[in-house]
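Here is the structure we will look at.
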Amino acid sequence: MSIIYLQIYFVTIACILGTGILGLPVTLYKSGFYPFLISFLTTFFFQVLLIFITVEILQRACINQFLAFKESLDKELHDALQNKKEESESSEDEDNLHNHFITPPNLHMLSEMFLCNGVRHIFDFLAVLQLSSVLIGYCLAGSESYSEILHIEKVYIMPVYVCVLSSFIIFALHLIKPIVSFLTLLKGLAFALTVIITCIIGFKIRENVIDDYHNIGNSFLMGTVALGGTIYVMPFLYKDIVQNKTEIRKYLLAVLSALTTCTILNILWCWSVLSIVPQLDFCSNSAVIPHFVGNNTLTTPDYCESYISLEKAASNGEISTTPLVKLIKQRYQEYAWISTLIEIFIVISISVAFLTLGTALQDIVSGIIHSTFFQQRNNNCLPVQWQTEMREKIIKNISTGILFGIIFLIAIFSLKSFITVMEKVSSFALNTINILLFFMYTQSRRGKNSNVEIPLPIPKWMDIINYLLPVYFGFAVIYDGFVTTTDYLESLKHNKTQRALYSQQ
């Protein structure tokens, strides 16, 4: 039984760890380390609250299904007695119902159960949008990391990368969890080693880190994405556990442990990158200072062309490991071997994260298709049931395949948009989903659900604190809209200035 909870721990890490490693350090070029640390730990606190309410929602969903099964069974037995059916026939129907009374939980099922019409459709749309945007980011980051190792243009790598991983998700879903658990253990060890070594290098180099609390919001949105996403894997991991207080508590601890592990690793990773890679691109600000490397002085043009910074990486849409690896290879040849370790780790990390969130996306799509087209089944005839299940499986696979195709097409036309996709689209969708999840939680405690007892309820002292969730994530959504609007207006202003310069020439 403990293997299940280890699997839950590793799969949750696989879901969380990817985005923070790839995108967080690049967003720190203005704020520095300590402003980021404050906002990141605040996000961690609210993610813990979110996990608690998600566990309660999952418990209530399973109990509601059990009660619905009980009502159906009572009605079935009542009809059997009225029609004077044979006892054996009644027993057979009872067994049949028992096999089908609980549908494995997924986000769509939860929204259908606890959200009203209209709102549940918004929730489903945002869930698909958010997962798709993250997978677009992983397409960009994955193809970039493979291209650095194989020295092939990422535009040629991306089709193969997406086809292979999406085929695993669609046709070999039963193999995903064991593979993901093993690869997550491997990537966890590699990442821990990478963080330790980069921290040691960072202590030796000690690049000057500029902390600016006025720019504390720069990494805020990426931080919500970096620690978010646990709600996507929690439903399909929950179905593997026994429904009692002890087992649910173990499940909760496994998920919280995974979140805590990822938080610590992300903080150490950001510190180590900031300690090695310069934050600002001085060349873009025309504040070029002659730079010495060994006994050689770089001239200004050479210095600007070869200068590596987090700001430059952000403007080019690069993942955080790209400037780190380039800088180590360029200036610190004695640590060149660590760049190879980082590249291998990133390849494994992104692939595992793609498999995990791709599985979560298929889980949601499957839930939508099942409830829309296959909710009512005729279970009296086995061949008909088999055909129905086959049709459902084919439609699910085709729908998921089309969705992965759309993700690929968007990624191929947005080769330098990793940070924009993750910070703007993904954060907006995820934070809105978190607000709706809170309303799902409050709705699950009202009406007939208020008298339902669950094995592991949320402690009463947390009830008031949980009401801070919509405030926090609501602020994140508003801030996201403000940043997106500001960036758009600045982009228009910049384009207008460029056109004016060209017209003068």
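For the stretch 446-498, the list of trypsin sites (Lys or Arg not before Pro) that fall in a loop by DSSP and count at most 11 other C-beta atoms within 10 angstrom reads Arg446, Lys460. With a threshold of 23 Å on the Cα-Cα distance, the over-threshold entries among Lys30/Lys496; Lys239/Lys424; Lys187/Lys326; Lys30/Lys154 are Lys30/Lys496; Lys239/Lys424; Lys30/Lys154.
Our compactness index for the stretch 106-147, the C-alpha radius of gyration over the empirical 2.2 N^0.38 Å, is 1.61. For the stretch 26-33, 3J(HN,Hα) computed residue by residue from phi via the Karplus equation (6.51, -1.76, 1.60; θ = phi - 60°) reads 5, 7, 9, 5, 9, 7, x, 8 Hz, glycine and proline entered as x. Amide H contacts for Leu24 (H built 1.01 Å from N in the peptide plane; partners 5 or more residues away or on another chain; cut-off under 5 Å): none found. For the stretch 477-484, 3J(HN,Hα) computed residue by residue from phi via the Karplus equation (6.51, -1.76, 1.60; θ = phi - 60°) reads 5, 5, 5, 4, x, 5, 5, 4 Hz, glycine and proline entered as x.
None of the figures in this text is laboratory data; all of them are computed from the coordinates on show. Bear in mind the structure is a predicted one, so any value in this text is a computation, not a measurement. Positions of Cβ are backbone-derived with ideal geometry, glycine not excepted, and every protein chain shown enters the neighbour counts.
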